[in-house]
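Enquirer: Quick one: this structure, given as structure tokens, is what I'll be asking you about.
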Amino acid sequence: MAVTSAPSTGAETGARPAAGRARRRQGWWLPYVLLAPAVLLELFIHVVPMLTGIWMSFLQLTKFFISDWSAAPWAGLRNYQLSLDFDAAVGRALLESFLITCAYAVIVVSVSWVLGMAAAVVLQRSFRRRSVFRTLFLVPYALPVYTGVITWNFMLQRDTGVINHLLGDNLGLFDEKPFWLIGSNAFVSLLVVAIWRMWPFAFLMLMAGLQSVPHDVYEASAMDGARAFRQWRSITLPMVRPVNVVLVLVMFLWVFNDFNTPYVLFGTAQPPAGDLISFHIYNASFLTWNFGLGSAMSVLLLLFLLLVTGIYLAVVNRRSQRA
Amino acid sequence: MRTRTLTATAAVTALLLGATAACSSGSGEPSSEGGDVTLTYWASNQGTSLDNDREVLTPVLDAFTAETGIKVELEAIGWNDLQTRIQTAVTSGQGPDVVNIGNTWAVSLQVTGAFLPFGDAEMEAIGGADKFVRTALETGGAEGSDPTSVPLYGLAYGLYYNKAMFADAGLEPPTTWEEMVSAAQALTDPAQDRYGFALAAGSYTENNHFAFINAAQNGAEVFDAEGNPTFTEDGVVEGIMRYLDLMQTDQVVNPSNAQYDNGSFAVTDFANGKVAMILNQNNANATIVANGMADDAYGVVAFPAPADAESDVASHVAGINLSIFANTEHEDESLQFVEYMTSPEVQEQLGKPFAALPVLNDAEAVFTDNLEEAATFTEIYNTRSKPLPLVPAEDQFETTVGQAMNEMFATIATGGTVTEDDVRAAMQTAQDQVAASIG
């Protein structure tokens, strides 16, 4: 509070000149100096690139102008028209990619949340070797993305992969070995890999959240005859609600923007079923060298995510005010 | 509101311009004659591995340093990364001095303006335009312009066949598409995991080459005279269909090949005797031998066209070109280096380890000791190769059509059917994407 009040008094100097000036002399600059590194970094890492991206989206920034951006002609809204014209090839592909990404985000977030919650609740009680399980569960999250996902890529190969070896050769589930990385199965593979990577994060956050739920509440409810599920629904869920609100939002944003998983899993041969939107935008910019169009798509994605986040927070906040 | 946006835009622009200016002036050491100059050179992957590339090139570059006093810092880059790296370099202005490019990208990169044009003076400095094979030099840039790249290694596609398998089945090397398919069918036995053919069916770079070559055999062009795409032309669609049918109706290709996202998988299958034939550029030699197949165990013929084809084109003019970044601070030294790399001595020295065809007039093919193979490839390169379209959108043809073919092969491999209408629809989409990307 002190930090924000200092500049505001400074701004009111017109009304009370003498007092204002006197107060200003005593280290009025300190808050600014303390804030400066953060503000500057934020500016250069987030705000400037973002504004640049928005600016690029209005340019016809194709390969003809890529080495001299200033010469790129103004495209107005044309890049946006192209992206949103769902009857033409570019817009249709973007829409398909968008729908796939929505399905992907919803499934990955919900399954990860369920798995993370289940594991966190089970590991809430202390038992021997509990820490072993905790550590084990966190391994996928701790592994470098590339290492984890490329291993899945090997495992999911049709002829040499261990998945087909296990399901086909050992368990005899099918005669003809299926493809996992091309065709429609690619979506399933992508889900499995993404959930494998994401659920430990849900687990970690929920486990931390559960630490703050006092034990005596459970004991009291047990005295009243509440069983495990009732306890979870009426005590655990409400108590970890603040964690959940943030967790679901953060997971959704990460998963929706996921680039690494499809990029490493599919390489240059990405199947349409695994065409997630950030990957799609990357290809739209880098394979075609049309950075204006790619930026327009990015801006649309940004707007969509802002909208979703806004609605989500509004709904969640209203509910918590009512509660 | 509007003023604020304008101010913000102006501020960002100023910042960016400042940043780029700072970057370009900060890069590299001040130019000076002789002694202290170090050139950065990005080499593409030509040998059996990036390590092998470094091994082969290092003594060649050391000899250049000994001769001229110019040091060369070498970075060998794999094909999956090279295009992105060049792109980043072009966009940021932070690049090497000299770079290898796939010759089919030449015009697409030329229009970015990032490469130094070889005008009369520059051409003179590297030994004159006349030293190069004409078709090879023509890939260096758009027609009627000063090229922005010069040929370094020549490559061409050939049909490699396993001599023993053909002899056992009493087959002759094919001279028409029909003979090739029936030979492949005779040699296919899925129960024993043996197929007539292996294709890099998941590689968009390989796929688009065969879209082009098959279309060319049908007498079709993929771009018209104005540089607009014509992918939906009958000859193109039928050519693509013919190639897809190797897996779909002829069933001489293992469906697993739909996951082969680079040529080396097919080459390995061939070297291990799992398949009787592959289509590859002549640099497959090194990999075949490295995988344990003796170099007299296989033969090479030209990729055959159908008996009633309009043209017997068997390859595109494949190869690697050498470009100089226009913003280099060591233009003279870079030109000296290009002159050195394209000199008869170095060409002869690198021809063998990189299995490259000569790009210089009057040079002999030295990439193999097998005279017959050398003669076959030289003939394909000199008389049966057609350059990929020399238009700015050529790279868009490669990515869109290549990706579409990846998807169609995936459909076939996973049990679906691809009809001529499907191909036409996919080509229409690809064509629309190209049109959109030109902007």
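The values are calculated or read from the model by the stated rules, or taken from the named source; none is laboratory data. Here the structure is a predicted model, which means the values were calculated and not measured. Counting neighbours? That spans all protein chains shown, and the Cβs are built from the backbone with ideal geometry, glycine included. Ligands, DNA and RNA are excluded from the accessible area calculation, which covers all protein heavy atoms including side chains. Shrake-Rupley method; radii C 1.70, N 1.55, O 1.52, S 1.80 Å.
Enquirer: Compute the Cα gyration tensor for chain B, then decide on rounded, prolate or oblate, letting a ≥ b ≥ c be the square roots of its eigenvalues: rounded whenever a/c is under 1.5, prolate when a/b is larger than b/c in the other cases, and oblate in all that remain. List each step's numbers first, then the result.
Expert: Working: a/c = 2.02, a/b = 1.36, b/c = 1.49.
Here chain B falls in the oblate category.
Enquirer: Another question about this same structure. If A:K63, B:K163 are ordered by their accessible area, calculated over protein heavy atoms with a 1.4 Å probe, which sequence runs from highest to lowest?
Expert: Details: A:K63 10, B:K163 80 Å².
Reading off the accessible areas and sorting them downward yields B:K163, A:K63.
Enquirer: While we're on this one: In square nanometres, what is one fourth of the surface area of the convex hull spanned by the alpha carbons of region B:222-326?
Expert: Average of the hull's projected areas for region B:222-326 equals 10.3 nm².
Enquirer: Using only alpha carbon pairs under 8 Å that are at least six residues apart, calculate the relative contact order of region A:160-269 and give it in whole percent.
Expert: Dividing the mean separation by the residue count of region A:160-269 yields 28 percent.
Enquirer: Using a Förster distance of 41 angstrom, determine the FRET efficiency expected from the C-beta separation of A:V188 and A:S126, and round it to 0.05. Walk me through the numbers on the way to the answer.
Expert: Details: r = 37 Å, r/R0 = 0.90.
Computed FRET efficiency for A:V188 and A:S126: 0.65.
Enquirer: Taking a ≥ b ≥ c as the square roots of the eigenvalues of the Cα gyration tensor of the protein assembly as shown, is the shape rounded (a/c under 1.5), prolate (a/b larger than b/c) or oblate?
Expert: Details: a/c = 2.11, a/b = 1.37, b/c = 1.54.
Oblate is the answer for the protein assembly as shown, as a/c is 1.5 or above yet b/c matches or exceeds a/b.
Enquirer: Which value, in Å² rounded to 10, gives the accessible area of A:M50 with a 1.4 Å probe and all protein chains present?
Expert: 90
Enquirer: Roll a 1.4 angstrom probe over the protein heavy atoms and tell me the percent of accessible area of region A:244-323 that is carbon or sulfur.
Expert: Summing carbon and sulfur atoms, their accessible area is 70 percent of the total for region A:244-323.
Enquirer: What quantity of accessible surface, computed with a 1.4 Å probe and excluding non-protein components, is buried in total between chains B and A, in Å² to the nearest 100? Walk me through the intermediate numbers first.
Expert: Working: alone 18880 and 19520 Å², together 35010 Å².
Separately minus together, B and A give about 3400 Å² buried.
Enquirer: Please give the length that would be gained between B:T88 and B:T417 if that part of the chain were fully extended, namely 0.36 nm times their separation in residues minus their C-alpha to C-alpha distance (nm, one decimal).
Expert: On the way: separation 329, 0.36 × 329 = 118.44 nm, distance 3.90 nm.
Full-extension gain reported as 114.5 nm.
Enquirer: When the helices in the protein assembly as shown are scored as -39500 (n - 2.57) per DSSP H run of 4 or longer and the sum is shared across all residues, what 222 nm value do you end up with, to the nearest 500 deg cm²/dmol?
Expert: -17000 deg cm²/dmol
Enquirer: Continuing with the same structure: Residue separation times 0.36 nm, minus the C-alpha to C-alpha distance between A:Q81 and A:A220: what's the value?
Expert: Taking A:Q81 through A:A220 to full extension adds about 43.9 nm, to one decimal.
Enquirer: Additional query: After finding the eigenvalues of the alpha carbon gyration tensor for region B:135-191, what semi-axes result from the square roots of 5 times each, listed largest first in whole Å? Let's see the in-between values first.
Expert: Details: eigenvalues 322, 27, 19 Å².
Value: 40, 12, 10 Å, ordered largest first.
Enquirer: What FRET efficiency comes out for the pair B:T230/A:T151, r = Cβ-Cβ distance, R0 = 41 Å, nearest 0.05?
Expert: On the way: r = 44 Å, r/R0 = 1.07.
That gives a FRET efficiency of 0.40.
Enquirer: Give me the Kirkwood hydrodynamic radius of region A:94-322, using the inverse of the mean 1/r over all pairs of distinct Cα atoms, in Å to one decimal. Could the numbers behind the result be given before it?
Expert: Details: mean 1/r = 0.0502 Å⁻¹.
Roughly 19.9 Å, rounded to one decimal.
Enquirer: Under 15 Å from the 7 Å Cα→Cβ point of B:A435, by amide nitrogen: which residues of region B:222-240?
Expert: Within reach of a label on B:A435, which here means backbone N under 15 Å from a point 7 Å along Cα→Cβ, region B:222-240 contributes B:223-224, B:226-233.
Enquirer: Place a point 7 Å from Cα of A:V106 in the direction of its Cβ. Which residues in region A:190-207 have their backbone N less than 19 Å from it?
Expert: A:190-192, A:194-195
Enquirer: Give the accessible surface of region B:66-216 per residue, rounded to a whole number of Å², with probe radius 1.4 Å and ligands, DNA and RNA excluded.
Expert: Ligands and nucleic acids excluded, the result is 36 Å² per residue.
Enquirer: Can you give me the relative contact order of chain B as a percent, contacts being Cα pairs under 8 Å and 6 or more apart?
Expert: 24
Enquirer: To the nearest 20 Debye, how big is the dipole of chain B about its Cα centre, given +1 on the beta carbon of each Lys and Arg and -1 on that of each Asp and Glu?
Expert: 1160
Enquirer: Just give the residues from region B:385-409 buried by at least 20 square angstrom of accessible area in the all-chains context relative to the isolated chain, probe 1.4 Å, and say none if nothing qualifies.
Expert: B:P392, B:D395, B:Q396, B:T399, B:Q403, B:E407
Enquirer: Now a separate question. Heavy-atom accessible surface, probe 1.4 Å, ligands and DNA/RNA ignored: which residues of region B:254-272 lose at least 30 Å² versus the isolated chain?
Expert: B:S256, B:Q259, B:D261
Enquirer: Work out which residues of region A:287-303 lose at minimum 40 square angstrom of accessible surface when the other protein chains are put back, relative to the chain isolated, with a 1.4 angstrom probe, and list them by number.
Expert: A:L287, A:T288, A:W289
Enquirer: A:Y141 to B:W79: FRET efficiency via 1/(1 + (r/R0)^6), r the Cβ-Cβ distance, R0 25 Å, to the nearest 0.05?
Expert: Using R0 = 25 Å, I get an efficiency of 0.15.
Enquirer: Quick check: residue separation of A:R319 and A:V162 times 0.36 nm, minus the Cα distance between them. What number comes out in nm? Walk me through the intermediate numbers first.
Expert: Working: separation 157, 0.36 × 157 = 56.52 nm, distance 4.75 nm.
Additional length available on full extension: 51.8 nm.
Enquirer: Here is a further query. Using the Kyte-Doolittle scale, which helices in chain A average at least -1.0 and also have C-alpha atoms spread 24 Å or more along the helix axis, with helices defined as whole DSSP H runs?
Expert: Values: long enough: A:89-122 (49 Å, 1.87); A:185-211 (39 Å, 1.53); A:291-322 (46 Å, 1.27).
Result, helices passing both filters: A:89-122, A:185-211, A:291-322.
Enquirer: Give me the percent relative contact order of region A:94-322, please, defined on Cα pairs under 8 angstrom at least 6 residues apart.
Expert: 29
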